[in-house]
1. Find all pairs meeting these conditions: Cβ atoms under 8 angstrom apart; at least six residues apart or on different chains; first residue within the stretch 48-60 and closer than 10 Å to L3 by Cβ and modelled with pLDDT under 90; second residue in a helix (DSSP H, G or I) and of a type in the set (A, V, I, L, M, F, W, C).
2. Checking E136 against (1) modelled with pLDDT of 95 or more; (2) in a helix (DSSP H, G or I); (3) over 38 Å from the mean Cα position of the chain (by Cα), only one condition comes out false. Which one?
Amino acid sequence: MNLLDLNSELQQLNELIDSVSSSFIPPELEVAFEDLLNRKDETEAAYFDKIDNIAALIQSRKYWIGVRQKELKRLSRLIRSDRHNLNWLQSYLLAHLQNKEMNKLRTKRFNLTVADNGGKRPMIIDDIPPSSVPHELCKIRLEVDRDAVRHALESGRRLRFARLASQGKHLRIK
């Protein structure tokens, strides 16, 4: 039974218990009422067990996210190291072949070719302030100053394009 079903059943049982308003309860109704109370206790226990199990699952997932993030960092470091080694080896072999003026070489397993790069030619721009470059060669980027908008809203100013949202809620499990 899921959490919503247990909650619904618990509400129904509580409504039934609350509906018994007489000060005198006949013996047969008393037995049924006791059964109802026991059923409520069992349902309530199942409800809290279900919540406890869901909270345990949440905590377990948080733990595994942490483990996987650490593994991701470890693997990322290995990838960076592998890329560095790969780039070094390729540069080393390229320099060697260029020094020997060998543009093509066939080995048992590979055909190697020293080739020109394709695409646009590389461009070098000196490190100068953008204000010293002619305006027609510059891009102007306009963006909303989120801090200024927040300050305006928090100080009571009404803006047609922005508003403060509600804070929201979160679940804390300890």
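1. That search, which allows pairs on different chains as well, returns K50/L3; K50/L6; I51/L3; I54/L3.
2. Among (1) modelled with pLDDT of 95 or more; (2) in a helix (DSSP H, G or I); (3) over 38 Å from the mean Cα position of the chain (by Cα), E136 violates only (1).
One line per residue, one yes/no per condition, for (1) over 30 Å from I54 (Cβ atoms); (2) assigned to a loop (DSSP other than H, G, I, E, B):
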residue: L97; (1), (2): yes, no
residue: M102; (1), (2): yes, yes
residue: N117; (1), (2): yes, yes
residue: I124; (1), (2): yes, yes
residue: S131; (1), (2): yes, no
residue: R158; (1), (2): yes, yes
residue: L171; (1), (2): no, yes
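Per-residue answers, yes or no, for (1) closer than 30 Å to Q167 by Cβ; (2) surrounded by 10 or more Cβ atoms within 10 Å (Cβ to Cβ); (3) in contact (Cβ under 8 Å) with a residue 60 or more places away in the chain:
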residue: Q98; (1), (2), (3): no, yes, no
residue: V114; (1), (2), (3): no, yes, no
residue: P122; (1), (2), (3): no, no, no
residue: I128; (1), (2), (3): no, no, no
residue: S131; (1), (2), (3): no, no, no
residue: D145; (1), (2), (3): yes, no, no
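The values are calculated or read from the model by the stated rules, or taken from the named source; none is laboratory data. Not measured: the values here are computed from a predicted model. Every residue, glycine among them, receives a Cβ derived from its backbone with ideal geometry; neighbour counts consider all protein chains shown.
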